[in-house]
Amino acid sequence: MLIGVLVTFLVIILVLYLINMLPMDGRAKQIARIIVIIIGVVSLLKYLTVF
């Protein structure tokens, strides 16, 4: 379970970094970051068996 949480956390950080590197508008980057963070939090809560 701990490994799954760590892998999920690392994937979230990697995706946020890649979004930051994309040549997009600032507003689009912000929306993409919010979506990734929401999906990441939901998946972390699944690992912690909240859902």
Checklist entry - Accessible surface of T49 in the full protein assembly, 1.4 angstrom probe, to the nearest 10 Å²? => result 110 Å²
Item to check | Degrees between helix 26-47 axis and first principal axis of the chain (Cα, 0 to 90, nearest 10) | outcome: 0 degrees
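Return the calculated 222 nm mean residue ellipticity for the chain, to the nearest 500 deg cm²/dmol, obtained by summing -39500 (n - 2.57) across DSSP H runs with n ≥ 4 and dividing by the residue count. Before the final figure, lay out each step's value.
On the way: 2 runs with 42 residues, N = 51.
Taken over the chain, the calculation gives -28500 deg cm²/dmol.
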Checklist outcome for this item: Evaluated at 25 °C and 0.890 mPa s, the Stokes-Einstein D of the chain based on the Kirkwood radius over Cα pairs, in µm²/s, stands at 212 µm²/s
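The values are calculated or read from the model by the stated rules, or taken from the named source; none is laboratory data. This is a predicted model, so every value here is computed, not measured. With ligands, DNA and RNA removed, areas are computed over all heavy atoms of the protein, side chains included. Shrake-Rupley method; radii C 1.70, N 1.55, O 1.52, S 1.80 Å.
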